[in-house]
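First comes the structure, then the notes that go with it.
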């Protein structure tokens, strides 16, 4: 495989691989891996060639709305991956959950900050650091 994937585990259970590249790169790699052409994808999804071309050329899918999410779901089904395989779809899903359940925002934030600190990605100082 010529693209980066991460295998995700929740509670010790493998929930599948997920692409870490933009959808244009991840989709191109999946198509190549499956021996599918852009025309094959158009037939399988019943999407216009121009729509599929935009997803493959970074013209679509980088910031998605509900309509784009439905398109990604069609594409994912055609290439036999979960929609959440694509990074942009996961971002959209998190945003939708946060909008629907505002209480999750604090949980998401705390978890992301904790993970970023654990991985050494943050160099910020905050109230906890100031008390030392």
query: Within the bounds of segment 64-85, is there any residue that is in a helix (DSSP H, G or I) and in contact with a strand residue (DSSP E or B) (Cβ under 7 Å, 6 or more places away or on another chain)?
result: yes
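Go through segment 36-48 residue by residue and tally those that are over 20 Å from the mean Cα position of the chain (by Cα) and either buried (at least 17 other Cβ atoms within 10 Å of the Cβ) or within 22 Å of residue 87 (Cα to Cα) (or both).
Going residue by residue through segment 36-48, those that are over 20 Å from the mean Cα position of the chain (by Cα) are 36-40, 42-44, 46-48.
Next, only the ones that are either buried (at least 17 other Cβ atoms within 10 Å of the Cβ) or within 22 Å of residue 87 (Cα to Cα) (or both) stay: 36-38, 42, 44, 47.
Residues meeting the conditions: 6.
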- prompt: Within segment 39-46, is there a residue that is at pLDDT 95 or above and at positive phi?
  reply: yes
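Quick grid of which residues meet (1) over 10 Å from the mean Cα position of the chain (by Cα); (2) under 21 Å from residue 32 (Cβ atoms); (3) touching a residue at least 60 places away in the same chain (Cβ under 8 Å); (4) surrounded by 18 or more Cβ atoms within 10 Å (Cβ to Cβ):
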site	(1), (2), (3), (4)
52	yes, yes, no, yes
57	yes, yes, no, no
66	yes, no, no, no
75	yes, yes, no, yes
88	no, yes, yes, yes
97	yes, no, no, no
query: surrounded by fewer than 12 Cβ atoms within 10 Å (Cβ to Cβ), modelled with pLDDT under 90, more than 17 Å from residue 94 (Cβ to Cβ) and touching a helix residue (DSSP H, G or I) at 6+ places or on another chain (Cβ under 7 Å) - does that describe any residue in segment 2-24?
result: yes
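The values are calculated or read from the model by the stated rules, or taken from the named source; none is laboratory data. This is a predicted model, so every value here is computed, not measured. Please note: Cβ atoms are built from the backbone with ideal geometry, for glycine as well, and neighbour counts cover all protein chains shown.
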